[in-house]
Amino acid sequence: MKRILCYGDSNTWGYDPVTQDRFEGDRRWTRVLAQELGGGYEVIEEGLNGRTTVWNDPIEGYKNGHEYLIPCLETHHPLDLVIIMLGTNDLKKRFSVSAWDIAHGAGVLVREVQKSEAGRQGQPPPVLLLAPPPTTTLTEFADMFEGAGQKSKKLSQEYSRIAKELDCAYLDTADVIVSSELDGIHFEGEEHRKLGKALVAKVKELIGA
């Protein structure tokens, strides 16, 4: 079995902007990916609502993606691939960080995987870095994400640069999906389906069919 760790926030957990609850398993992009890959692959879902790249959240707490990534890699090894999609929560006004900082926060996570022994035979597994799509119309989260719109549009460029610097695989999800107009930050069901399907070729390119 080829083991894939999907490490992310509420959009990996499967938050549904329509019901404000969790999508059923077969509708989350992680499960769509698993179904499309078929037998021989195990897709591990590690999504947490509110998770950041590297920032400690003074209000919600325990959301620092860097702190949990280290034990997470040890928990799930051996891994053949780690997919990281974080950065949307870094756009919250309380963190006051730029798109450049957010991308470098994602880079810290990539480096953590690259220096780990979480792959086969104690080697580091490859990393696929996903840039989250820009925010759209912020409704109930408008105050929390004040100023996020312009910064979110710069993430793809900054993430692409970081991926090249760290020599890891990269995908700009904005080429495939859009954030929901219902709340501006989460993915609706059809977007989960599209993302899961779009990742199949990338995964096979990285770790084989």
* **Reciprocal of mean inverse Cα separation for the chain (Kirkwood radius, Å)** => 16.8
* Asked: What is the count of Lys pairs in the range 103-209 whose alpha carbons sit under 26 Å apart, if the two are 8 or more places apart or on different chains?
  -> 19
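What do you get for GluC sites (Glu not before Pro) in the range 1-80 restricted to DSSP loop and a cutoff of at most 12 other Cβ within 10 Å of the site's Cβ? Let's see the in-between values first.
Details: sites: 24, 36, 42, 45, 46, 60, 67, 74; in loops: 24, 60.
In loop regions of the range 1-80 (DSSP not H, G, I, E or B), the sparsely surrounded GluC sites (Glu not before Pro) are 24.
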* 5 angstrom amide H check on residue 9, placed H, neighbours 5+ away -> 48
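Using r as the Cβ-Cβ distance of residue 142 and residue 175, and R0 as 25 Å, what FRET efficiency do you calculate, to the nearest 0.05? Write out the running numbers ahead of the final one.
On the way: r = 26 Å, r/R0 = 1.05.
My answer for the efficiency is 0.45.
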* In Hz, Karplus ³J(HN,Hα) per residue of the range 143-152 (6.51, -1.76, 1.60; θ = phi - 60°; x = Gly, Pro) -> 5, 5, 10, 3, x, 6, x, 5, 5, 5
* Within the range 1-91, list the chymotrypsin sites (Phe, Trp or Tyr not before Pro) lying in a DSSP loop whose Cβ has at most 12 other Cβ atoms in a 10 Å radius. => 62
* Asked: Counting each DSSP H run of 4 or more residues in the chain as -39500 (n - 2.57), what helix-only mean residue ellipticity at 222 nm follows after dividing by all residues, to the nearest 500 deg cm²/dmol?
  -> -11500 deg cm²/dmol
* Report, by chain and number, residues whose modeled amide H sits under 5 Å from the one on residue 169, excluding near sequence neighbours (fewer than 5 apart, same chain). => 127, 129
* Would you tally the net charge around residue 114, using a Cβ to Cβ cut-off of less than 15 Å, leaving residue 114 out, and scoring K and R as +1, D and E as -1? => -1
* Kirkwood Rh, Cα Rg: Rg to Rh for the range 29-97? -> 1.04
* Structure fact -> In whole Hz, the Karplus estimates of ³J(HN,Hα) for the range 58-64 (6.51, -1.76, 1.60; θ = phi - 60°; x where Gly or Pro) are x, 9, 8, x, 6, 10, 5
* For residue 22 and residue 153 in one chain, what is 0.36 nm times their gap in residues minus the Cα-Cα distance, to one decimal in nm? -> 44.5 nm
* Name the residues whose placed amide hydrogens come within less than 5 Å of the amide hydrogen of residue 81, ignoring near sequence neighbours (fewer than 5 apart) on the same chain. => 3, 5
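Each value in this text was obtained by applying a stated rule to the coordinates, not by laboratory testing. These figures come from a predicted structure and were not determined experimentally. Positions of Cβ are generated from backbone atoms using ideal geometry, with glycine treated the same way; all protein chains shown enter the neighbour counts.
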